[in-house]
1. Can you tell me how many residues within the range 275-290 are within 25 Å of Gln3 (Cβ to Cβ), within 16 Å of the ligand (Cβ to nearest atom) and among the hydrophobic types (A, V, I, L, M, F, W, C)?
2. Just need a number here: residues in the range 186-229 that are free of Cβ contacts under 8 Å to residues at least 60 places away in the same chain and of a type in the set (Gly, Ala, Ser).
3. Condition test on Lys207, is it out of contact with any Lys or Arg (no Cβ under 7 Å at 6 or more places or on another chain) and assigned by TED's automatic domain parsing to the domain that holds Pro78?
4. Report, by residue number, each residue of the range 303-341 that is over 17 Å from Leu373 (Cα atoms), outside any helix (DSSP H, G or I) and away from the ligand (no atom under 16 Å from the Cβ).
5. Return the residues of the range 40-57 that are under 17 Å from Thr185 (Cα atoms) and away from the ligand (no atom under 16 Å from the Cβ); say none if nothing qualifies.
6. Report yes if Thr105 is out of contact with any Asp or Glu (no Cβ under 7 Å at 6 or more places or on another chain), part of a loop (DSSP other than H, G, I, E, B) and more than 22 Å from Lys144 (Cα to Cα), otherwise no.
7. With the checklist (1) part of a loop (DSSP other than H, G, I, E, B); (2) modelled with pLDDT of 95 or more in hand, flag the one item Glu270 doesn't pass.
Amino acid sequence: MRQIPFGKPIIGQEEKNAVLDVLNGTTLVHGPKAKQFEKDFAAYTKAPYAVSVASCTAGLHLAYFYLDIGPGDEVIVPSETHVATAHAVELCGAKPVFVDACEKTGNIDVSLIEKKVSKKTKAISVVHYLGMPVDMDSVNAIAKAHKLFVVEDCALALGTYYKGIHAGLHGDVGCFSFYPVKHITTAEGGMLITKDQKIAHAIEKQKAFGVDTPVNERKVAGVYDVTILGFNYRMNELEAAMGIEQLKRIDGFLAKRETNYKFLGSRLKELKDIKLLQSSCDGYKSSYYCMSVILNERIAVKREAIMGYLKDKGVGASIYYPRPVPLLTYYRKKYKYERDSFPVASEISYRSIALPVGPHLNEEDMEYIFHTLRSAITEVK
Ligand SMILES: Cc1ncc(COP(=O)(O)O)c(C=O)c1O
């Protein structure tokens, strides 16, 4: 029997050597590796500025903190996403206002955004769901009309392009995640990119306590002032050393994901009881994070049993995401959302199965996943 984990970091000798080099040296934080990783990431995405951070969540939090949003303010948030997208708003004391998903792609339904804009709205956040880019022209048009800041949650979008420009560079800031199952990993870690020097410089300080002079630029060691409020949201040198090596392999990782995705997609067309989300079209380039299979009503009731069958056969499936965020207990209780308020996001959350396509897998694995899912659908009662 095959063992097909949903995600498996590909860590080679280069990453191990790079981490050991850091451990053998004297600088674990505030060193050259984080700076190098930022430079490399900026070059790869063609971002004018890149700021390394402790996680994608930290990056998102910093973006709203920079904006100075707080109690009484609102941010438009997609409902089909990881809770981090909304928590970052909530952590600032502002209110996330959720928008349902688009049936075709699972992305925020852009046609519903403007109805949710109020006098309190300060920003729109979008998630490039499973790597498929959001229609950023439409989002930016709404943002421009209402003078709103745009935050792109790019946790699943390294290698995602909209109209030839990398995700994260269409709005005001974009935040990436390097959690182990992502396109590249630093164990924990993230990167914030922006076209705006002012934002980059402010967030650079806010991620490090608001200290006015970085460690390496102090005339007298230990002497600094603090001019603004800030966090400890830095990326350390071990993580950055890994990130530098991982980024060197990104093109190969992305190509493998795309090949796996397309092969599995072509096989899945044979199955009648499922539908797939749109993963590409003119001007939209996905990063192919995973294959989301949406079960029709007839077999959706068997989803847990189907997933159990897949697990027993060694296929590591998952769900992206387990509930629309406004229906997670914290948000539903706090904001009194009705269970049927997000029908499209609910369909995705309650009926889909996410199948792996990562670079740790090959065509035979895709074939195995397809056959196992097909058997599961027919055999599971
Ligand atoms: C869309 C989205 N945003 C944010 C995050 C959080 O990323 P991190 O773990 O780097 O904070 C995730 C994690 O999976 C995610 O899927």
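1. Counting residues in the range 275-290 that are within 25 Å of Gln3 (Cβ to Cβ), within 16 Å of the ligand (Cβ to nearest atom) and among the hydrophobic types (A, V, I, L, M, F, W, C) gives 1.
2. 5
3. No.
4. Residues satisfying the conditions are Lys336, Tyr337, Glu338, Arg339, Asp340, Ser341.
5. Of everything in the range 40-57, those that are under 17 Å from Thr185 (Cα atoms) and away from the ligand (no atom under 16 Å from the Cβ) turn out to be Asp40, Ala42, Tyr44, Thr45.
6. Here the answer is yes, as Thr105 does meet what is asked.
7. Among (1) part of a loop (DSSP other than H, G, I, E, B); (2) modelled with pLDDT of 95 or more, the lone unmet condition for Glu270 is (2).
Every residue, every condition in (1) at pLDDT below 95; (2) within 12 Å of the ligand (Cβ to nearest atom); (3) assigned by TED's automatic domain parsing to the domain that holds Asp68, yes or no:
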| position | (1), (2), (3) |
| --- | --- |
| Ser138 | no, no, yes |
| Asp153 | no, yes, yes |
| Ile199 | no, no, yes |
| Arg218 | yes, no, yes |
| Val223 | yes, no, yes |
| Val226 | no, no, yes |
| Leu254 | no, no, no |
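The values are calculated or read from the model by the stated rules, or taken from the named source; none is laboratory data. Computed from a prediction, not measured in an experiment: that's the story for all the values here. So basically every Cβ, Gly included, is an ideal-geometry build from the backbone, and we count neighbours across all protein chains shown.
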